[in-house]
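S.K.: To start, I am sharing the structure in question, which I have written as structure tokens.
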Amino acid sequence: MPLKIELKPHESIIIGEALITNDNERTRFYIEGNIPILREKFILREKDANTPSRRVYFVVQQMYLTRGTNVELQTMYIDFVRDLQKAAPSLIPYTAAVTDDILKGDYYSAIKSANRLINKEDELFGETLKGQM
């Protein structure tokens, strides 16, 4: 069964390695096949990866889009998580959830877990952390 996607005007989506941005009108299309897809609400652009948790999220996003085959991304993920856990041990349960999803090969769930990590980071450190970056 194909996946139905509806995009609002100017909304973006990543399909595979392509960023697609809709024009001025609502669009509906159907996708068949097994390819990574990210709706705009889950897309984090590199320039916006400006906190430790957002950097983790961005790397997880890239891992999802490359289906976890990029060793450089895996190394970056480990480094970012190690640094984050040292700086904020209270976030360890959140990084552990992301890591568990990655180890299972479920990168889409890892993105959702990384989003919870960002939310917790925002809750704990809020604007203080963003102001330092």
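S.K.: I'd like to check something: does region 15-24 contain any residue that is touching a helix residue (DSSP H, G or I) at 6+ places or on another chain (Cβ under 8 Å) and under 19 Å from SER113 (Cβ atoms)?
M.R.: no
S.K.: Let me ask another. Scan region 1-37 for residues that are of a type in the set (Asp, Glu) and within 26 Å of MET63 (Cβ to Cβ) and jot them down.
M.R.: Hits for region 1-37 are GLU11, GLU17, GLU32.
S.K.: Identify all residues within region 75-119 that are β-branched (Val, Ile, Thr) and over 12 Å from TYR57 (Cβ atoms); write none if there are none.
M.R.: Answer for region 75-119, where residues must be β-branched (Val, Ile, Thr) and over 12 Å from TYR57 (Cβ atoms): THR75, ILE78, ILE92, THR99, ILE102.
S.K.: For region 77-131, name all the residues that are out of contact with any Phe, Trp or Tyr (no Cβ under 9 Å at 6 or more places or on another chain) and of a type in the set (D, E, K, R).
M.R.: Residues satisfying the conditions are ASP79, ARG82, ASP83, LYS86, ASP100, LYS104, ASP106, ASP122, GLU123, GLU127, LYS130.
S.K.: Yes or no: region 78-100 includes at least one residue that is of a type in the set (Val, Ile, Thr) and in contact with a Ser or Thr (Cβ under 6 Å, 6 or more places away or on another chain).
M.R.: yes
S.K.: Can you find a residue in region 35-45 that is of a type outside the set (Asp, Glu), surrounded by 12 or more Cβ atoms within 10 Å (Cβ to Cβ) and touching an Asp or Glu at 6+ places or on another chain (Cβ under 7 Å)?
M.R.: So far as region 35-45 goes, no, none of its residues is of a type outside the set (Asp, Glu), surrounded by 12 or more Cβ atoms within 10 Å (Cβ to Cβ) and touching an Asp or Glu at 6+ places or on another chain (Cβ under 7 Å).
S.K.: I've got another one for you. Is at least one residue of region 79-93 in contact (Cβ under 8 Å) with a residue 12 or more places away in the chain, surrounded by fewer than 16 Cβ atoms within 10 Å (Cβ to Cβ) and not in a helix (DSSP H, G or I)?
M.R.: No, that holds for no residue.
S.K.: While we're here: Is there any pair with a first residue in region 1-25 that is farther than 13 Å from ARG39 by Cβ and touching a residue at least 24 places away in the same chain (Cβ under 8 Å) and a second that is outside any loop (DSSP other than H, G, I, E, B) and of a type in the set (A, V, I, L, M) whose Cβ atoms are under 7 Å apart and which are 6 or more apart or on different chains, and what are they?
M.R.: Close Cβ pairs satisfying both conditions: PRO2/ILE31; GLU17/LEU65.
S.K.: Could you check region 39-78 and list, in sequence order, the residues that are assigned to a helix (DSSP H, G or I), over 22 Å from LEU103 (Cβ atoms) and either of a type in the set (A, V, I, L, M) or in contact with a helix residue (DSSP H, G or I) (Cβ under 7 Å, 6 or more places away or on another chain) (or both)?
M.R.: Matches in region 39-78: GLU46, ASP48.
S.K.: Tell me the residue from ALA110, ALA96 that is in a helix (DSSP H, G or I), at pLDDT 95 or above and either surrounded by 20 or more Cβ atoms within 10 Å (Cβ to Cβ) or of a type in the set (Phe, Trp, Tyr) (or both), please.
M.R.: Selected residue: ALA110, the only one of ALA110, ALA96 that is in a helix (DSSP H, G or I), at pLDDT 95 or above and either surrounded by 20 or more Cβ atoms within 10 Å (Cβ to Cβ) or of a type in the set (Phe, Trp, Tyr) (or both).
S.K.: Let me ask another. Counting only residues that are surrounded by 14 or more Cβ atoms within 10 Å (Cβ to Cβ) and part of a loop (DSSP other than H, G, I, E, B), how many does region 17-34 have?
M.R.: Here the count works out to 1.
S.K.: Search region 51-74 for residues being over 14 Å from ALA114 (Cα atoms) and of a type in the set (S, T, N, Q), and hand back the single one that is surrounded by the fewest Cβ atoms within 10 Å (Cβ to Cβ).
M.R.: The residue in question is THR69.
The values are calculated or read from the model by the stated rules, or taken from the named source; none is laboratory data. This one's a predicted model, so the numbers in the text were calculated from it and none came from an experiment. So basically every Cβ, Gly included, is an ideal-geometry build from the backbone, and we count neighbours across all protein chains shown.
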